[in-house]
Structures are given as C-alpha cells and as structure tokens.
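Enquirer: Would you mind keeping the following structure in view while I ask a few things?
The values are calculated or read from the model by the stated rules, or taken from the named source; none is laboratory data. What you see is a predicted model, and the numbers here were worked out from it, not measured in a lab. Note that each Cβ is placed from the backbone with ideal geometry, even for glycine, and that neighbours are counted across all protein chains shown. Quick note on the areas: whole protein, heavy atoms, side chains included, nothing else; ligands and nucleic acids left out. Shrake-Rupley method; radii C 1.70, N 1.55, O 1.52, S 1.80 Å.
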Amino acid sequence: MSHDHGHSANRNRLLIAIGIVGCVLVVQAVGAWISGSLALLADAGHMLSDLTGLIIALMATIVAARPASDRQTFGYQRAEVFGALINGLILVAVAVVVTIGAITRLVTPGHADVQSTPMLVVAAIALVANFAALLVLRPAAGHSINMRGAYLEVFGDLVGSILVIAAALVIMFTGFVAADAIASLVIAALILPRAFILLRDVVRVLSESAPADTDVAQIRQHILGTAGVVDVHDVHVWAITSGAPVFTAHVVVKPEVFRSGETGRLLDDLSECLSNHFDVEHSTFQLEPAEHAAHEDELHR
C-alpha cells in the first residue's frame, strides 16, 4: 500500500514539474529568439531535454507501479532504471550540442547581437519556475533513481538560469557579448558530471552490483552473530532499482536448530536483522546443516 502511495505521489510531482518546465520552455524559446542569446537558447535546449526526461520518468513511474506477474516476478520497478538511462543519454547529447554551438560562436563571432534586457527577464522567470519545480521533486529524489534523474535535470536548469542571468548582467553593464557563449559552455560543463553520476548509478543497478551504501562484510558479521548460525556463504546483494535491495544467502546452522524446530524463529531473526539494520526488505535465506554445506561445496567445484 505504501509503495503504491509512493508511486502515486511521484506521478503527481512529475505532472506538476512537467507543467512548470513546459511553460518555461516556451518562454525561454521565445526569449532566446527575441534576445539572440545562445546561453538562453542552450538553457532552452536543456529545458527541452529535461521536459522529455520528465515525461519519460512519468511513463517509467506508471509502468513501475504495475503488479508482479508469473513472467515479471519482481514487477516492473526496473522500468525506472531504464528511464534514468534514457535521461542520462539525453543529458550527454544536449551537452555535446551546446558545446559545439558555443565554440562555434566564440571562434566565429560574426556580428552577434544579444539583447540583454529580454535575456535577463526571461532567465529570471525561469529561475523562479525551476526553483518551484525543484521543491516539488526534492522529497522523492532520495528514494528513486528515476526521480533523482528528474531532480538533477531540473537542478541543472536552475543553475543554467543563474548563469544566463549573470551573462545578461555582464553584457548589460560591459557590452562583453562573448559572455553569452561562455555561459553556454559552463552550462554544458555542468550537465556532463550530472549525466555521468546518473549513468554510473544505472550501470551499477543493471550490472547487479551491490548497492553503494551496502556493506556486505558487515551484513555477514550480523548474520554470523545471530544465535544458532555457524557459517554463511553464497551471499548475493543487488538492487531491482534504487532503494529496493535484494539479499540471498546460504546459512549454515547448528543441528539443534533443526531438532528443536527453531528454523522459523531463526528466519524471522535474520529477516528482521536485515530489515532493521540494512533496510533490506526482500531477503531469502537457505538454512543448511553443516553436513549439507560440505556436500554443496563439492557440487560447486
């Protein structure tokens, strides 16, 4: 129930952010055409990629909320990861296009005429709108890789708006028109690290690596410290999506645990340990007597 509520809240946040970003995109595009600002156009291009990314994020959130089936036994939560992958690739493409455009204008400036006043007004409007969208997305950014991608994109727009404002003020007071192209390069430079972080997280999930904040050695120690446990092996930790780690392990237990019928109690203890200390809600344990563990090692050779 709480998971479904979380998806519904994320969808509402994304819908609000899409409305804000869509309106600002139109304002920025018109402002870039009127002012002749490359920085404003670059920020509008970034805004367009963000709008696309937000729509993808919304679709991924809807798909991820679908229930599990016999074919998709973990459900569709990983759709969020694929949405984040597309977002990251869009960010890279925008950074490359903006960089090429800015360098071209710096190398062959021609007679670029940048109107600083409309540039400043539009950038100020975009700044306020981006800040509002950021506040809407922030509560969910720490729990979903998909929402974090959307949050990072809007944050990049916020920084881009600040840079455009700075460039407009420089042009207004000094007449240094190249500040517009320089601001564009800085915007592109800020986009790439965010894209790298997002794509790195996507690769970590898709390669089924242990989550960055999960200490596998510490989990082993907690399991070994549980009453009745002798050893633990075949430990596997991965994530379906961000915030949804999965754990499996073979646990060797003392013979009296089986004789006294305490296996249920031990499974409860182990599951509660992982849930309370490591925030792992989905854990699977195979309890084994020592003689079976030795036999299993032979089979795995």
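Enquirer: Pick from the stretch 249-265 the residues that are within 16 Å of Ala290 (Cα to Cα) and open to solvent by less than 40 Å² (accessible area, probe 1.4 Å): which of them is modelled with the lowest pLDDT?
Expert: Val257
Enquirer: Ok, one more. Name the pairs: first residue in the stretch 117-141 and farther than 27 Å from Thr241 by Cβ, second residue part of a helix (DSSP H, G or I) and of a type in the set (Asp, Glu), Cβ to Cβ under 8 Å, at least 6 apart or on different chains?
Expert: From the stretch 117-141, the pairs are Met119/Asp180; Ala123/Asp43; Ala126/Asp43; Ala126/Asp157.
Enquirer: Quick one: would you say Leu299 is modelled with pLDDT of 90 or more and surrounded by fewer than 17 Cβ atoms within 10 Å (Cβ to Cβ)?
Expert: Working: modelled with pLDDT of 90 or more: no; surrounded by fewer than 17 Cβ atoms within 10 Å (Cβ to Cβ): yes.
No, not satisfied.
Enquirer: Within the set of pairs 6+ apart or on separate chains, which have a first residue in the stretch 252-279 that is under 19 Å from His233 (Cα atoms), a second that is open to solvent by less than 80 Å² (accessible area, probe 1.4 Å) and acidic (Asp, Glu), and C-beta atoms under 6 Å apart?
Expert: Note: pairs meeting the criteria are Val252/Asp231; Val252/Glu288.
Enquirer: Continuing with this model, one more query. Restricting to the stretch 208-223, give me the number of residues that are in contact with a strand residue (DSSP E or B) (Cβ under 9 Å, 6 or more places away or on another chain) and open to solvent by less than 70 Å² (accessible area, probe 1.4 Å).
Expert: Going through the stretch 208-223 one residue at a time, the tally reaches 7.
Enquirer: Then there's this: Is it true that some residue in the stretch 66-83 is surrounded by fewer than 16 Cβ atoms within 10 Å (Cβ to Cβ) and assigned to a helix (DSSP H, G or I)? So that I can check it myself, show each step before the final result.
Expert: Residues of the stretch 66-83 surrounded by fewer than 16 Cβ atoms within 10 Å (Cβ to Cβ): 66-74.
Within this subset, residues satisfying the condition of being assigned to a helix (DSSP H, G or I) are none.
The answer is no, given that none of the residues of the stretch 66-83 is surrounded by fewer than 16 Cβ atoms within 10 Å (Cβ to Cβ) and assigned to a helix (DSSP H, G or I).
Enquirer: List the number of the failed condition for Val246; all other conditions in (1) modelled with pLDDT under 90; (2) open to solvent by less than 30 Å² (accessible area, probe 1.4 Å); (3) over 30 Å from Arg148 (Cα atoms); (4) in a strand (DSSP E or B) hold.
Expert: Looking at each condition in turn, Val246 falls short on (3).
Enquirer: Name the pairs whose Cβ atoms lie under 6 Å apart, with the first residue in the stretch 32-52 and more than 15 Å from Ala166 (Cα to Cα) and modelled with pLDDT of 80 or more, the second open to solvent by 10 Å² or more (accessible area, probe 1.4 Å) and charged (D, E, K, R), and 6 or more positions between them or separate chains?
Expert: From the stretch 32-52, the pairs are Gly36/Asp113.
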